[in-house]
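Chemist: My questions will all concern the structure given below.
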Amino acid sequence: MNILDILALFICLAGIFIYINTYYLKLPSSVGLMILAMGLSFTLQILQVVIPEFQTGARRILQDYDYHEVLYQLVLSFMLFAGALQIDFKKLAEERTPVLILALLGVIISTIVIGSAVWYLLSFIGIEMDIMYCLVFGALISPTDPIAVTATIRKYSLSKNLETRIAGESLFNDGIAVVIALTLLDLAHAGEDHFLGPVDILWVFGTDITGGIVIGLFLGYLGYRVLKYIDNDEVEVEVLMTLALVMAGTQIAEFTHVSAKQAVVIMGLVIGNEGKSDHVTSAAGDYVFKFWNLIEETLNAMLFVLIGLEMLIIPLRMDYFAAGLFAFIIVLAARYISVGVPIAVMSTYRTFEKNTLQVLAWGGLRGGIPIALSLSLPEFEGKDVIITMTYTVVVCSVLYQGLTIPRLMKSTFPTRR
């Protein structure tokens, strides 16, 4: 079985999951997909016991292929570009400042709180892990699922300002968290070779982020000019140009050793805002945005399939899963702190609706981005712990928060008719 067969299997299972959830379970996308992924995990575990040959075949399929490059180079770049493409700065208008502060400051606070608390937790349980890798986990688990959040809030009569803040913060924190997680990972690897001082750390962060922004701005504007030249009726050409742009931008950023993920986010923002227009002469046609929305939904579903299959090869250790359960409590508490602090600061000069903190915190479901990040990490001591904790946190977040957020919303906001 080659890599194309594996991808075909993932896409087939993702399609089946989406069909079952849409027509039978009728649950929010992330909740339904997670339930089906867990069902797949349990089914495969039973098959391993009943048919010993199945275990050998399944492990060979998952272990013989290195998904790191596919997830890192393709899936993450595509998901981040698709998410950034949806952000409309014109609609954000006066909400740009609180959205950016909530996303940037929120991810930084969340990373520090989660990373520090998890380090103490693992030390208490007896699991050794470097503090830098704990901070990597804190960053990669910080992004919230914009698909789940947007789908939920649209059903209720939120004010335009609050809806924009919730959706915008969720979309922005993805790219920021990925950049921080990958930069911390670089620092962790560099720190194994020699001691890194504050100046070295600032230099790595500065070059990664600044370089990614510069490449993203250049390629984003170049892509916008090319799309403006292409007739909107040439749908296939426009779609292919955006695909080529994302893949080329990723490779150029990797070659120059800057943040490829920051570059694709900036490209998505430039094309999404410069290329979109209410007029028929907009640079990018509607089908470009529909195509990337489909890509995001499909990759999100495939990631849930992959995390279900990944349970076949990660160690089923109770201390790892116990750490994951405690980590979920830490992540939830950190979410309240990371959005509560910026809201408290901004409340001195801006008005925030009642229950904004509760909705932002409890509605911050974890989804595809943390899964992709954890599975794309290179090999190091403690990777299995991070994958297991990520799996446990995402499962608890999607099922517990995802199934209870409608009750919170109903008690706070009327349902739209």
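Chemist: Kindly establish whether GLU236 is surrounded by fewer than 17 Cβ atoms within 10 Å (Cβ to Cβ), out of contact with any strand residue (DSSP E or B) (no Cβ under 9 Å at 6 or more places or on another chain), at pLDDT 85 or above and part of a helix (DSSP H, G or I).
Modeler: The answer is yes for GLU236.
Chemist: For region 179-205, give me the residue count where each residue is closer than 19 Å to PHE255 by Cβ and at pLDDT 75 or above.
Modeler: Matching residues across region 179-205 total 5.
Chemist: If we scan region 130-142, do we find a residue that is at pLDDT 90 or above, closer than 29 Å to ILE330 by Cβ, β-branched (Val, Ile, Thr) and part of a helix (DSSP H, G or I)?
Modeler: There is at least one residue in region 130-142 that is at pLDDT 90 or above, closer than 29 Å to ILE330 by Cβ, β-branched (Val, Ile, Thr) and part of a helix (DSSP H, G or I).
Chemist: Any residue in region 377-403 that is at positive phi sitting within a Cβ distance under 7 Å of a residue that is in a helix (DSSP H, G or I) and crowded, with 20+ Cβ neighbours inside 10 Å? List the pairs, counting only those 6 or more apart or interchain.
Modeler: Qualifying pairs under 7 Å: GLY382/TYR133.
Chemist: Yes or no: TYR391 within 30 Å of ILE51 (Cα to Cα), within 17 Å of the chain's Cα centre (by Cα), of a type outside the set (Gly, Ala, Ser) and assigned to a helix (DSSP H, G or I)?
Modeler: yes
Chemist: Out of curiosity, is ILE271 under 14 Å from LEU85 (Cβ atoms) and modelled with pLDDT under 90?
Modeler: yes
Chemist: Restricting to region 354-389, name every residue that is over 23 Å from VAL265 (Cα atoms) and β-branched (Val, Ile, Thr).
Modeler: If the condition is that a residue be over 23 Å from VAL265 (Cα atoms) and β-branched (Val, Ile, Thr), then THR356, VAL359, VAL385, ILE386, ILE387, THR388 are the ones that fit.
Chemist: Next question. Could you give me the residue pairs with C-beta distances under 6 Å whose first residue belongs to region 345-365 and is at positive phi, whose second residue is surrounded by fewer than 19 Cβ atoms within 10 Å (Cβ to Cβ) wherever it lies, and which are 6+ apart or on separate chains?
Modeler: The qualifying pairs are ASN355/THR412.
Chemist: Another question, then. Filter region 252-264 for residues that are in contact (Cβ under 8 Å) with a residue 40 or more places away in the chain and part of a helix (DSSP H, G or I); which is surrounded by the fewest Cβ atoms within 10 Å (Cβ to Cβ)?
Modeler: GLU254
Chemist: Now, a different point. Name the single residue that is surrounded by the fewest Cβ atoms within 10 Å (Cβ to Cβ) among those in region 366-417 being of a type in the set (Lys, Arg) and over 21 Å from LEU325 (Cβ atoms).
Modeler: Applying the filter and picking the extreme gives ARG417.
Chemist: I've got another one for you. How do the helices (runs of 4 or more DSSP H) wholly within region 1-120 filter down when requiring 1 or more residues that are at pLDDT 85 or above: which remain?
Modeler: Those helices (runs of 4 or more DSSP H) span 3-20, 29-50, 76-85.
Chemist: Got a number for residues in region 330-371 being more than 14 Å from VAL395 (Cβ to Cβ) and part of a helix (DSSP H, G or I)?
Modeler: 23
Chemist: Within 24 Å of LEU185 (Cα to Cα) and surrounded by 21 or more Cβ atoms within 10 Å (Cβ to Cβ), is that true of ALA301?
Modeler: Answer is no for this residue.
Chemist: Now for a different question. Examine region 398-416 for a residue that is under 24 Å from ILE11 (Cα atoms) and either among the β-branched types (Val, Ile, Thr) or out of contact with any Pro (no Cβ under 9 Å at 6 or more places or on another chain) (or both), and state whether such a residue exists.
Modeler: Yes, region 398-416 contains at least one residue that is under 24 Å from ILE11 (Cα atoms) and either among the β-branched types (Val, Ile, Thr) or out of contact with any Pro (no Cβ under 9 Å at 6 or more places or on another chain) (or both).
The values are calculated or read from the model by the stated rules, or taken from the named source; none is laboratory data. Being a predicted model, the structure only gives us computed values, none of them experimental. Reconstructed Cβ throughout: ideal geometry from the backbone, glycine too, with neighbour counts over all protein chains shown.
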